[in-house]
Amino acid sequence: MVCVTAVPHPRSEAAAPTRAGRRSLALALLCGALGAAVALLATRQRWSEGTAAVAGGAFPLTAKGSDVTGVPAALAIVGLAALVAVFAVRRAGRLLVAALLALSGAGITAAALAGVSDSSALDEKAAEATGDTSATVAALSHTGWPYVAAAGGVLILLAGLLALRYGRLWPAMSGRYERGTDRPRRTARPVDPERPEEMWKALDRGEDPTGA
């Protein structure tokens, strides 16, 4: 009679965290890099458009995302820096950097959604076009690029959440150049004075074969 046990093999239990760490790492890198690229691209596109009333008629006005708000682009760069810094720190430092990454994504999303209905950038352009400081934009409309920037922020936020959850399983940069981790120097091998070839080798190395 063959007995079947339900106890998992120790190797499978040990490999599970490794697989989870690799998958979460790959997903976080993809989300973080893609989110930052999307957010930066979206801020360079036209977010809103309208017209200003001038003597010759209606003057068309447009505003890019960078004209409306500079927060998404700035936080996208911060998010990229935090994504790289996650691998340079350990333990509590990694948690802090992961939290900064998540907050960067949340900030991008909030700022982009707030820019959907923002008309201040076009109002300023209308005032410049008409020469009237109280002039405002007319026929205001918005494009879908603010929502694209918000989606980029969501991706960065997801990368930060993954770093908070699985960051302890991710590898860190090598510490061979860190202070206090100098490699031990090799001690000189004792020379047998009875062997002439050893004496010549010691002289080539600048050592005294006689030990005096």
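Assorted remarks:
- Were the residues from A114 through A127 laid out at 0.36 nm apart, the gain over their Cα-Cα distance would be 2.5 nm.
- FRET efficiency, A37 to A172 (Cβ-Cβ, R0 22 Å, nearest 0.05): 0.30
- Couplings 3J(HN,Hα) of the stretch 123-136, computed from phi: 5, 5, 5, 5, 5, 5, 5, 9, x, 10, 5, 9, 6, 10 Hz, in residue order, whole Hz [Karplus 6.51 cos²θ - 1.76 cosθ + 1.60, θ = phi - 60°; x for Gly and Pro].
- Here's how it looks for W47: its modeled amide H is under 5 Å from those of A63, K64, G65, which are all 5 or more places away or on a different chain.
- Amide H partners (placed H, <5 Å) of V137, local residues excluded: D123
Quick note: the coordinates plus some simple rules give every number you see, no bench work behind them. What you see is a predicted model, and the numbers here were worked out from it, not measured in a lab. Positions of Cβ are generated from backbone atoms using ideal geometry, with glycine treated the same way; all protein chains shown enter the neighbour counts.
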